[in-house]
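So the structure is just underneath, and the comments pick up after that.
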Amino acid sequence: MLDHEALKDFRDKEYAHTYMDEFLNTFIATQIKVLREQREWTQERLAEEADMHQEQISNLENVNNSAWKVSTLLKL
């Protein structure tokens, strides 16, 4: 649970936006990788199934990537 001081930070819109951006990038990248690995698929296999390139899958699984689009996630 966040303490009172930490909650103050979220009143700053720029801080809150940056925090959520980082959280979403990490969460989405991690979920793509975990779900792929649960199926015991390689990045190449997922790319083939999603009609994408392996490099795109690699980028989507990178927690520092912020260029994902909802349309791309729907393909997966």
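The values are calculated or read from the model by the stated rules, or taken from the named source; none is laboratory data. None of the values given here were measured: they were computed from a predicted structure. Neighbour counts are summed over all protein chains in view; Cβ atoms, including those assigned to glycine, are modelled from backbone coordinates with ideal geometry. Please note that ligands, DNA and RNA were not included when accessible areas were found on the heavy atoms of the full protein model with its side chains. Shrake-Rupley method; radii C 1.70, N 1.55, O 1.52, S 1.80 Å.
Listed values, structure above:
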| quantity | calculated |
| --- | --- |
| Close pairs (8 angstrom Cβ cut-off, 6 or more residues apart or separate chains): over 13 Å from Ile32 (Cβ atoms) in region 45-60, modelled with pLDDT under 95 anywhere | Asp51/Lys75 |
| Residues of region 1-37 satisfying the condition of being under 19 Å from Leu74 (Cβ atoms) and either open to solvent by 70 Å² or more (accessible area, probe 1.4 Å) or not hydrophobic (A, V, I, L, M, F, W, C) (or both) | Asn25, Phe27, Thr30, Gln31, Lys33, Leu35, Arg36 |
| Scope region 38-55; condition open to solvent by less than 100 Å² (accessible area, probe 1.4 Å), closer than 16 Å to Trp68 by Cα and not in a helix (DSSP H, G or I); matching residues | Ala50, Met52 |
| Residue satisfying all of: in region 59-72; in a helix (DSSP H, G or I) and surrounded by 13 or more Cβ atoms within 10 Å (Cβ to Cβ); farthest from the chain's Cα centre (by Cα) among these | Thr72 |
